[in-house]
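Notes follow the structure.
The values are calculated or read from the model by the stated rules, or taken from the named source; none is laboratory data. Just so it is clear, the structure is predicted and the values come from calculations on it, not from any experiment. Don't worry about glycine lacking a Cβ; one is built from the backbone with ideal geometry, like all the others, and counts go over all protein chains shown.
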Amino acid sequence: MANQNAPFGFLEYLGGAGGAPTFSQSARRCAYDASAIYCGDPVQQDSTTGYIVQGDPSNPQAIAGIFVGCQYLSVSQKRTVWSRYWPGTDSANDVICYVVDDPNARFLVMGNGTTFNISGTPSSYGNSPVGQYAQFAIGSGNANTGSSGAYLNALGTTITYPFIVVDLVVFPPGANGADPTSAYNNVVVGFNNQIMRTNGAGPTGIS
């Protein structure tokens, strides 16, 4: 079954560090007038204010983690709202964001149409992206579900890419995203160039 082009952002994946439900999350802040941020979006830390902002793949700054929700005092509802995404408006105060930033976390994410699948059968890893660095594209989030539209969009040896591919998804057979021989397959990634993984000399990567 050919995979469908249906990005869903970065979903925390079993097999990484942390535990249920929030052991690998940190509470951060984003500005009340910041752009929308969706559940599963990579985020970065503003170098001036320290606020969390939606990730920009053209910005070489290390990512801060993956956004998974927020809480804020709603102007329209006059109460605290817990949400899967920050809509970009409806608060007059800082927004508390929840970000998965454990350096050993793993995520499930869709690859693009050309570079993240392999040729041949699932056992033929000769052209596999596993072990290579990966860049993301932010995509279009869904305001109805709060879900991210981010996906992986570039692959290579560039050390400043924020992720590294650690596995390909092949199960359950026939499920969308589980065919590693066709486009838009799902892969498992870990952090590479991320603020919790950096040292004085730059990104540590994953060995």
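Yes or no, residue by residue, for (1) modelled with pLDDT of 95 or more; (2) surrounded by fewer than 19 Cβ atoms within 10 Å (Cβ to Cβ); (3) under 28 Å from I195 (Cα atoms):
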{"position": "Y98", "(1), (2), (3)": "yes, no, yes"}
{"position": "D101", "(1), (2), (3)": "no, no, yes"}
{"position": "A105", "(1), (2), (3)": "no, no, yes"}
{"position": "N117", "(1), (2), (3)": "no, no, no"}
{"position": "V169", "(1), (2), (3)": "no, no, yes"}
For this session: Within segment 122-159, work out how many residues are in contact with a Phe, Trp or Tyr (Cβ under 8 Å, 6 or more places away or on another chain), surrounded by fewer than 19 Cβ atoms within 10 Å (Cβ to Cβ) and hydroxyl-bearing (S, T, Y).
Result: 2
Exercise. Taking segment 76-91 as the search range and keeping residues that are of a type in the set (G, A, S) and surrounded by 11 or more Cβ atoms within 10 Å (Cβ to Cβ), which one is farthest from D33 (Cα to Cα)?
Worked result: S83
For this session: Would you point out the residue of segment 135-161, among those that are at pLDDT 95 or above and in a strand (DSSP E or B), that is nearest to G88 (Cα to Cα)?
Result: S147
For this session: Just need a number here: residues in segment 65-75 that are among the hydroxyl-bearing types (S, T, Y) and surrounded by fewer than 21 Cβ atoms within 10 Å (Cβ to Cβ).
Result: 1
Seminar exercise, completed: Checked against (1) in a strand (DSSP E or B); (2) without any contact (Cβ under 8 Å) to a residue 12 or more places away in the chain, S58 satisfies every condition except (1)
For this session: Might you check whether a residue that is at pLDDT below 95, under 15 Å from the mean Cα position of the chain (by Cα) and more than 15 Å from I138 (Cβ to Cβ) occurs anywhere in segment 28-42?
Result: no
